[in-house]
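Just below is one structure, and these are the notes that go with it.
The values are calculated or read from the model by the stated rules, or taken from the named source; none is laboratory data. Remember, it's a predicted structure, so these values are computed and weren't measured experimentally. Cβ sites come from the backbone with ideal geometry, for glycine too, and all protein chains shown count toward neighbours. These accessible areas exclude ligands, DNA and RNA; they are computed on the full protein's heavy atoms, side chains included. Shrake-Rupley method; radii C 1.70, N 1.55, O 1.52, S 1.80 Å.
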Amino acid sequence: RAAEVMALEEREAIHDPRLLVQGLIVLALVVAGFVLHPVLHYEPSVVALLGAGLLVAVSTVQTGDVLREVEWPTLAFFAGLFIMIGGLIETGVISEISKTLADAIGDNELGGSMILLSASAVLSGIVDNIPYVATMAPITSDLVTSMGGDGDHVMWWALALGADLGGNATAIGASANVVVLGIAERSRQPISFWQFTKYGLVVT
(Lines give C-alpha, C1' and ligand atoms only; values in the text may rest on other atoms or scores of the structure.)
Protein backbone atom coordinates (compact mmCIF):
# COMPACT_ATOMS: atom_id res chain seq x y z
CA ARG A 1 0.00 0.00 0.00
CA ALA A 2 2.85 2.37 0.79
CA ALA A 3 4.38 1.66 -2.63
CA GLU A 4 1.03 2.33 -4.31
CA VAL A 5 0.68 5.64 -2.49
CA MET A 6 4.21 6.68 -3.41
CA ALA A 7 3.51 5.79 -7.04
CA LEU A 8 0.57 8.22 -7.19
CA GLU A 9 1.08 11.33 -9.31
CA GLU A 10 -0.37 14.30 -7.42
CA ARG A 11 -0.84 16.39 -10.56
CA GLU A 12 -3.32 13.82 -11.89
CA ALA A 13 -5.75 14.95 -9.18
CA ILE A 14 -5.86 18.44 -10.69
CA HIS A 15 -8.43 18.24 -13.47
CA ASP A 16 -8.83 22.00 -13.95
CA PRO A 17 -5.63 24.04 -13.32
CA ARG A 18 -7.41 27.31 -14.21
CA LEU A 19 -10.07 26.69 -11.55
CA LEU A 20 -7.33 25.84 -9.05
CA VAL A 21 -5.64 29.20 -9.63
CA GLN A 22 -8.97 31.05 -9.43
CA GLY A 23 -9.83 29.23 -6.20
CA LEU A 24 -6.48 30.05 -4.61
CA ILE A 25 -6.78 33.74 -5.53
CA VAL A 26 -10.31 33.97 -4.09
CA LEU A 27 -9.20 32.04 -0.99
CA ALA A 28 -6.35 34.54 -0.47
CA LEU A 29 -8.85 37.42 -0.78
CA VAL A 30 -11.22 35.78 1.73
CA VAL A 31 -8.41 35.22 4.24
CA ALA A 32 -7.32 38.84 3.75
CA GLY A 33 -10.92 39.90 4.40
CA PHE A 34 -10.93 37.93 7.66
CA VAL A 35 -7.63 39.46 8.76
CA LEU A 36 -8.74 43.00 7.84
CA HIS A 37 -12.00 42.74 9.80
CA PRO A 38 -10.95 45.53 12.24
CA VAL A 39 -10.45 47.83 9.25
CA LEU A 40 -13.24 46.75 6.86
CA HIS A 41 -15.83 45.93 9.56
CA TYR A 42 -17.33 43.14 7.43
CA GLU A 43 -18.61 40.11 9.34
CA PRO A 44 -16.78 36.82 8.54
CA SER A 45 -20.01 35.33 7.17
CA VAL A 46 -20.34 38.22 4.68
CA VAL A 47 -16.71 37.85 3.60
CA ALA A 48 -17.14 34.09 3.08
CA LEU A 49 -20.35 34.51 1.06
CA LEU A 50 -18.77 37.25 -1.07
CA GLY A 51 -15.83 34.94 -1.76
CA ALA A 52 -18.13 32.08 -2.72
CA GLY A 53 -20.15 34.35 -5.00
CA LEU A 54 -17.00 35.73 -6.62
CA LEU A 55 -15.62 32.26 -7.33
CA VAL A 56 -18.92 31.13 -8.87
CA ALA A 57 -18.99 34.31 -10.99
CA VAL A 58 -15.42 34.06 -12.35
CA SER A 59 -15.29 30.28 -12.84
CA THR A 60 -17.06 28.07 -15.37
CA VAL A 61 -18.44 25.72 -12.72
CA GLN A 62 -22.20 25.23 -12.89
CA THR A 63 -24.12 26.47 -9.85
CA GLY A 64 -25.98 23.15 -9.59
CA ASP A 65 -22.68 21.27 -9.28
CA VAL A 66 -21.56 23.60 -6.50
CA LEU A 67 -24.82 23.33 -4.56
CA ARG A 68 -24.66 19.51 -4.65
CA GLU A 69 -21.33 19.70 -2.82
CA VAL A 70 -22.75 21.82 0.05
CA GLU A 71 -23.18 19.97 3.34
CA TRP A 72 -26.84 20.93 3.84
CA PRO A 73 -27.42 18.69 6.91
CA THR A 74 -24.41 20.30 8.60
CA LEU A 75 -25.68 23.81 7.84
CA ALA A 76 -29.14 22.92 9.19
CA PHE A 77 -27.51 21.50 12.33
CA PHE A 78 -25.62 24.73 13.04
CA ALA A 79 -28.60 26.93 12.14
CA GLY A 80 -30.66 25.08 14.74
CA LEU A 81 -27.94 25.46 17.37
CA PHE A 82 -27.61 29.20 16.83
CA ILE A 83 -31.39 29.67 16.93
CA MET A 84 -31.46 27.83 20.25
CA ILE A 85 -28.66 30.01 21.63
CA GLY A 86 -30.42 33.16 20.45
CA GLY A 87 -33.52 31.99 22.31
CA LEU A 88 -31.52 31.45 25.50
CA ILE A 89 -30.10 34.97 25.26
CA GLU A 90 -33.49 36.57 24.57
CA THR A 91 -35.25 34.73 27.42
CA GLY A 92 -32.64 35.85 29.93
CA VAL A 93 -31.15 32.43 30.71
CA ILE A 94 -27.68 33.60 29.71
CA SER A 95 -27.86 36.71 31.88
CA GLU A 96 -28.95 34.61 34.90
CA ILE A 97 -25.98 32.27 34.38
CA SER A 98 -23.69 35.33 34.11
CA LYS A 99 -24.91 36.73 37.43
CA THR A 100 -24.56 33.36 39.19
CA LEU A 101 -21.01 32.85 37.89
CA ALA A 102 -20.00 36.43 38.69
CA ASP A 103 -21.24 36.03 42.27
CA ALA A 104 -19.45 32.68 42.66
CA ILE A 105 -16.10 33.77 41.19
CA GLY A 106 -15.99 37.35 42.44
CA ASP A 107 -12.62 38.95 41.65
CA ASN A 108 -10.61 35.70 41.79
CA GLU A 109 -8.96 35.76 38.35
CA LEU A 110 -6.90 32.58 38.82
CA GLY A 111 -9.78 30.48 40.10
CA GLY A 112 -12.22 31.95 37.60
CA SER A 113 -9.94 31.39 34.63
CA MET A 114 -9.25 27.78 35.66
CA ILE A 115 -12.97 27.09 36.07
CA LEU A 116 -13.76 28.67 32.70
CA LEU A 117 -10.87 26.86 31.01
CA SER A 118 -11.82 23.40 32.30
CA ALA A 119 -15.57 23.91 31.89
CA SER A 120 -15.05 25.13 28.31
CA ALA A 121 -12.90 22.10 27.49
CA VAL A 122 -15.58 19.70 28.78
CA LEU A 123 -18.63 21.51 27.37
CA SER A 124 -17.03 22.08 23.95
CA GLY A 125 -16.84 18.32 23.58
CA ILE A 126 -20.58 18.07 24.18
CA VAL A 127 -21.73 21.21 22.34
CA ASP A 128 -20.01 22.46 19.18
CA ASN A 129 -17.39 25.00 20.21
CA ILE A 130 -18.62 27.80 17.91
CA PRO A 131 -22.14 28.08 19.37
CA TYR A 132 -20.65 27.39 22.80
CA VAL A 133 -18.35 30.41 22.50
CA ALA A 134 -21.22 32.46 21.07
CA THR A 135 -23.21 31.54 24.18
CA MET A 136 -20.36 32.13 26.63
CA ALA A 137 -19.12 35.42 25.10
CA PRO A 138 -21.70 37.62 26.87
CA ILE A 139 -21.16 35.65 30.11
CA THR A 140 -17.39 36.11 29.87
CA SER A 141 -17.86 39.80 29.09
CA ASP A 142 -19.92 40.19 32.28
CA LEU A 143 -17.27 38.32 34.29
CA VAL A 144 -14.48 40.53 32.92
CA THR A 145 -16.50 43.66 33.72
CA SER A 146 -17.20 42.48 37.27
CA MET A 147 -13.43 41.93 37.74
CA GLY A 148 -12.71 45.43 36.46
CA GLY A 149 -10.77 44.06 33.49
CA ASP A 150 -10.40 45.29 29.92
CA GLY A 151 -10.62 43.60 26.51
CA ASP A 152 -7.32 41.71 26.74
CA HIS A 153 -8.24 39.77 29.88
CA VAL A 154 -7.17 36.29 31.02
CA MET A 155 -10.84 35.15 31.07
CA TRP A 156 -11.07 35.61 27.30
CA TRP A 157 -7.94 33.49 26.84
CA ALA A 158 -9.38 30.80 29.13
CA LEU A 159 -12.57 30.69 27.05
CA ALA A 160 -10.69 30.58 23.74
CA LEU A 161 -8.18 27.90 24.78
CA GLY A 162 -10.72 25.70 26.56
CA ALA A 163 -13.23 25.78 23.69
CA ASP A 164 -10.57 25.30 21.02
CA LEU A 165 -8.87 22.32 22.66
CA GLY A 166 -12.09 20.75 23.93
CA GLY A 167 -13.52 20.79 20.41
CA ASN A 168 -11.16 17.94 19.49
CA ALA A 169 -12.77 15.52 21.95
CA THR A 170 -15.89 14.41 20.06
CA ALA A 171 -17.32 14.35 16.57
CA ILE A 172 -19.67 17.24 17.37
CA GLY A 173 -17.07 19.25 19.28
CA ALA A 174 -16.03 21.40 16.31
CA SER A 175 -17.48 22.44 12.97
CA ALA A 176 -14.57 20.85 11.12
CA ASN A 177 -15.29 17.50 12.78
CA VAL A 178 -18.94 17.58 11.70
CA VAL A 179 -18.04 18.54 8.12
CA VAL A 180 -15.35 15.86 7.78
CA LEU A 181 -17.65 13.15 9.13
CA GLY A 182 -20.31 14.18 6.63
CA ILE A 183 -17.80 13.99 3.77
CA ALA A 184 -16.50 10.63 5.03
CA GLU A 185 -20.02 9.19 5.14
CA ARG A 186 -20.75 10.46 1.65
CA SER A 187 -17.54 8.77 0.48
CA ARG A 188 -18.70 5.48 2.06
CA GLN A 189 -16.02 5.63 4.75
CA PRO A 190 -18.23 6.40 7.76
CA ILE A 191 -16.61 7.27 11.10
CA SER A 192 -18.82 6.59 14.09
CA PHE A 193 -19.22 9.00 16.99
CA TRP A 194 -17.50 6.64 19.46
CA GLN A 195 -14.70 5.76 17.03
CA PHE A 196 -13.89 9.45 16.67
CA THR A 197 -14.18 10.05 20.43
CA LYS A 198 -11.78 7.18 21.21
CA TYR A 199 -8.98 9.09 19.46
CA GLY A 200 -10.31 12.61 20.06
CA LEU A 201 -10.16 12.29 23.86
CA VAL A 202 -6.52 11.24 23.69
CA VAL A 203 -5.65 14.23 21.48
CA THR A 204 -7.58 16.60 23.74
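Observations on the model:
- Rounded tilt (10° steps) of 175-186 against the dominant C-alpha axis of the chain: 40 degrees
- Pairwise FRET efficiency - residue 141 versus residue 52, Cβ, R0 = 30 Å, nearest 0.05: 0.45
- Rounded to whole numbers, the Karplus 3J(HN,Hα) couplings from phi for segment 54-68 are 5, 5, 5, 5, 8, 9, 9, 5, 6, 4, x, 5, 5, 5, 5 Hz, using 6.51 cos²θ - 1.76 cosθ + 1.60 with θ = phi - 60°, and x at Gly and Pro.
- Relative to the longest principal axis of the Cα atoms of the chain, the long axis of helix 17-35 makes an angle of roughly 10 degrees.
- C-alpha center-to-center spacing [segment 146-204, segment 41-95] in angstrom: 19 Å
- Solvent exposure of the chain as accessible area per residue, Å², 1.4 Å probe: 66 Å²
- Pairwise label distance in nanometres, residue 198 with residue 104, each label 7 Å out on the Cα-Cβ vector: 3.5 nm
- By average C-beta atoms within 10 angstrom, highest first, the peptides 3-9, 130-136: 130-136, 3-9
- The angle separating the long axis of helix 129-146 from the principal Cα axis of greatest extent in the chain is about 30 degrees.
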